[in-house]
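The values are calculated or read from the model by the stated rules, or taken from the named source; none is laboratory data. Please read all numbers here as calculations on a predicted model, not as lab measurements. Backbone-built Cβ (ideal geometry, glycine too); neighbour counts: all protein chains shown. Areas reflect the complete protein model, heavy atoms only, side chains present, ligands, DNA and RNA absent. Shrake-Rupley method; radii C 1.70, N 1.55, O 1.52, S 1.80 Å.
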Amino acid sequence: MFTVYSEEHALHAGGAELSAGVLVPCYDAPSRAEMILARVRSAGLGPVVAPEDHGRGPIERVHSPRFLEFLSTAWEQWQACGYHEAALPSIWPGRHLRAVEPDNIAGKLGYYCFDASTPLVAGSFRAAYAAAQVALSAAARLASQGARRERAAFALCRPPGHHAASDLYGGYCFLNNAAIAAQALRDVGAARVAVLDVDYHHGNGTQAIFYDRPDVLFLSLHGDPRTEFPFFLGHADERGAGEGDGYNVNYPLPRGSGFGAWSEALEDACRRIERYAPDALVISLGVDSYKDDPICSFRLESADFTTYGRRIAQLRRPTLFVMEGGYAVEQIGINAVNVLQGFEEA
Ligand code: OKP
Ligand code: ZN
């Protein structure tokens, strides 16, 4: 399987996130991507290539121009106020307030960012832009005609993307790599695309982006938002809206769920994907469902990742794997590559 990887992910680093009332080193550290890359190489998964630059056009198909303008200039605005530490919001337009975009950067951060775990530093936008290009370049491999066409590709993205909506970032995510790739696949001729999100956390951004559309089916297995981040989306009764009614499927699972409950939900998701018969499948591949993940509670073993990779392959669709979360850094490469190897051996 082809892997697309950009070293520019490392430009997003050095921040701290607010956790349990204190600033702690970011869980989304550059070492995550480096560990996955090392495993891709040592396992002999296949060639590793750098992304091509597809420009801002395909990103603008998903994210609003104002949001992109904000993200690409936020660091300069922050610095102009005399701040040197990573930019984090500390106020939000919560209930009973008015979500009108302020002029001041401190207000803008709360307007465009939904949590205090996503620091923005000098290189954050460039890293996020590179991750989007990684996803687009991997998607292009599935869509290309002739000898370059692949059955599957791995977009080794960092920072992740599935929490980012059209004009909102957070949850370590700035640009929604999986959504940008899914839209790009639509734009080159796929009539229907399914996005299956297996990250521990609900893919609230991806859900929001495609919520009213029947041409992109979104399915997500995740920790129940009643107890798990991102708390404010991901319930089972969110089924899509308008023409998109019936094309959003959530599987909230209780804290501490093991592979039994998890793979039952996956089986239901796979049957729905089969019925939908998409022209392409995008997997939001978070491996934070692993038993030793420091911020998650599911109990998957490393071997379970191979097992479910095999099941995804049985869908027999052109498949794009887009890296999302996973914070047990020592095991992250093994778990991610196990999914890809399981897929390849099926
Ligand atoms: C991103 B992805 C822990 C708080 C965690 C953010 C979690 C983001 C997960 N101190 N808050 O879905 O893996
Ligand atoms: Zn996650």
Do the conditions hold for ASP237, that is, is it among the acidic types (Asp, Glu), free of Cβ contacts under 8 Å to residues at least 24 places away in the same chain, surrounded by fewer than 21 Cβ atoms within 10 Å (Cβ to Cβ) and not in a loop (DSSP other than H, G, I, E, B)? no
So which pairs qualify, if the first residue must be in segment 166-179 and farther than 11 Å from PRO230 by Cβ and more than 12 Å from ligand 1 (Cβ to nearest atom), the second must be outside any helix (DSSP H, G or I) and polar (S, T, N, Q), the Cβ gap must be under 6 Å, and the two must be at least 6 apart or on different chains? SER166/SER64; ASP167/SER64
For residues that are β-branched (Val, Ile, Thr), open to solvent by less than 10 Å² (accessible area, probe 1.4 Å) and assigned to a helix (DSSP H, G or I), scanning just segment 179-223, find the one that is farthest from ligand 2 (Cβ to nearest atom). ILE180
Please specify each residue of segment 14-69 satisfying the condition of being within 16 Å of ligand 1 (Cβ to nearest atom) and among the aliphatic types (A, V, I, L, M). ALA16, LEU18, ALA20, VAL22, LEU23, VAL24, ALA29, ALA33, MET35, ILE36
Counted residues in segment 241-260 being crowded, with 20+ Cβ neighbours inside 10 Å and either on the phi > 0 side of the Ramachandran plot or touching a residue at least 60 places away in the same chain (Cβ under 8 Å) (or both) come to 0
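Listed here are the residues, each with its yes/no results for (1) away from ligand 1 (no atom under 16 Å from the Cβ); (2) charged (D, E, K, R); (3) within 30 Å of ALA184 (Cβ to Cβ).
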site: GLY286; (1), (2), (3): no, no, yes
site: TYR290; (1), (2), (3): no, no, yes
site: PHE298; (1), (2), (3): no, no, no
site: ALA303; (1), (2), (3): yes, no, no
site: TYR308; (1), (2), (3): yes, no, yes
site: ALA313; (1), (2), (3): yes, no, yes
site: PRO318; (1), (2), (3): yes, no, yes
site: VAL322; (1), (2), (3): no, no, yes
site: GLY326; (1), (2), (3): no, no, yes
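Matching residues to (1) open to solvent by 30 Å² or more (accessible area, probe 1.4 Å); (2) without any contact (Cβ under 8 Å) to a residue 40 or more places away in the chain; (3) part of a loop (DSSP other than H, G, I, E, B); (4) hydroxyl-bearing (Ser, Thr, Tyr):
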| position | (1), (2), (3), (4) |
| --- | --- |
| GLY14 | yes, no, yes, no |
| LEU18 | yes, no, no, no |
| LEU23 | yes, yes, no, no |
| SER31 | yes, no, no, yes |
| MET35 | yes, no, no, no |
| PRO51 | yes, no, yes, no |
| HIS54 | yes, no, yes, no |
| VAL62 | no, no, yes, no |
Condition (residue is open to solvent by 20 Å² or more (accessible area, probe 1.4 Å), more than 25 Å from ARG32 (Cβ to Cβ), in a loop (DSSP other than H, G, I, E, B) and at pLDDT below 95) applied to segment 334-346: is it met by at least one residue? yes
Is it the case, given these coordinates, that ASP268 is open to solvent by 40 Å² or more (accessible area, probe 1.4 Å), modelled with pLDDT of 95 or more, away from ligand 1 (no atom under 15 Å from the Cβ) and in contact with a Pro (Cβ under 8 Å, 6 or more places away or on another chain)? no
In segment 166-178, which residues are away from ligand 2 (no atom under 15 Å from the Cβ) and either open to solvent by 10 Å² or more (accessible area, probe 1.4 Å) or on the phi > 0 side of the Ramachandran plot (or both)? SER166, ASP167, LEU168
For residues that are charged (D, E, K, R) and within 23 Å of PHE125 (Cβ to Cβ), scanning just segment 1-48, find the one that is nearest to ligand 2 (Cβ to nearest atom). ASP28
With the checklist (1) farther than 21 Å from GLN183 by Cβ; (2) among the hydroxyl-bearing types (Ser, Thr, Tyr); (3) in contact with a His (Cβ under 8 Å, 6 or more places away or on another chain) in hand, flag the one item SER284 doesn't pass. (1)
Taking interchain pairs and intrachain pairs at least six residues apart, which have beta carbon atoms under 9 angstrom, with the first residue in segment 292-305 and more than 13 Å from ARG255 (Cα to Cα) and among the aromatic types (Phe, Trp, Tyr) and the second within 14 Å of ligand 2 (Cβ to nearest atom) and part of a loop (DSSP other than H, G, I, E, B)? PHE305/VAL287; PHE305/SER289
